[in-house]
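Below: one structure, written as structure tokens.
Every read-out reported here was derived from the displayed coordinates using simple, explicitly stated rules and does not represent laboratory data. The structure presented is a predicted model; accordingly, all values stated were derived computationally and were not measured. All Cβ positions, glycine included, derive from the backbone under ideal geometry; neighbour counts span all protein chains shown.
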Amino acid sequence: MGTKRLDWIDIAKGIAIILVIVGHTVTNPSPLRHAIFSFHMPVFFILAGYTFRPKPWRELVSGSVSRLLVPYVVLALAWQVPTFLMSGAPLTGSALTGGLETLVFASGVDVPGLGVAAVGMAWFLAALFTSRLLFNALLRLFDGREVGVARQGVVCAAIAFGGLSVSRFLGIYLPLDLDLSCYIVLLMWIGYTVRQRGLEPSVDKPLLFIGAGIVWLVLAALSGLELSSRRADGFVVATIAALAGSYCVCWVSMAVEKLKEAPVLGTLERGLVFCGQASLAIFAIHAVDWFIPWQTMPLLMTLPASWLFASIIRCACDIGLAYVIKKA
């Protein structure tokens, strides 16, 4: 396929980033939030694996630091510093140590037993950074020892289960989300293998899309997945639900890609492509818009389905700001 950028991948990322915003705006808990969380973050990690290429360590580390680790630190500070200033707490040595620990652990939720505060949504960037390094090491190991695809799957599944078990059942969270990255590696391996084996969804096979949708609906209702808190209720069922939901997103993205020349729907296609290409910027903007009380604005609260209007306004603000920054 060369290095040509694929529109359907950008569309899938665009759909996923919109779902991230909606998932953080609707009532918690709610059936809609549960459904969104069952697959919206796995989409990003599966696509990260799909586009991944094994690289020399110097090239991989250099690129990952500049594209992920530096933005992680900036985004984390953009959240943590205003939060600290608004708290009115004095700036002490222990406060600085606590802030450094938060950056090092990069956890989306408070670290149990250690008193380390959550870093906020920036966890995603740190986890992807660590996952890329771990996945590159695994691929080099697989290629060096000529490990077959079936054994690769077993190894990745075992690593994923082990990583989640360390944090979920033992309460041990590792720096830079290494425990969570063990699970993310499995999702990346699936995306990588899909590309290597030519197993991408096809819009010419709608029955597979319908079947995947049914599997997602059933299994998502029987499980729970929230990666930031290391929650995978029903490891196998939750993972299959995430894969089925991600398959549906990719299928829809390929179908939307075919509409690029349509008079009206082509605008939707181009809009989603932009959202996908600017997904990191939109994510960063969304990560610091938590200071706005979207769900409790008096004007919105008077409207029926207030969550819907809040989600639309929040998406418009985050995406619109990313568009303005790009054009500036």
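Cβ crowding within 10 Å ranks PHE44, PHE135 as PHE44, PHE135, fewest other Cβ atoms first. Below 21 Å, Cα to Cα, which lysines can LYS55 reach? Residues fewer than 8 away in the same chain don't count. Excluding near neighbours in sequence, the set is LYS4.
Note on the stretch 83-122 and the stretch 1-51: Cα centroid distance 28 Å, given to the nearest whole angstrom.
Residues in the stretch 125-134 carry Karplus couplings, in order, of 5, 5, 5, 5, 4, 5, 5, 4, 5, 5 Hz; the curve used is 6.51 cos²θ - 1.76 cosθ + 1.60 with θ = phi - 60°, and Gly or Pro positions show x. A quarter of the convex hull surface defined by the alpha-carbon atoms of the stretch 48-230 gives 13.3 nm² as the mean projection. When Rg and the Kirkwood Rh are both derived from Cα coordinates, the Rg/Rh ratio for the stretch 237-295 amounts to 1.11.
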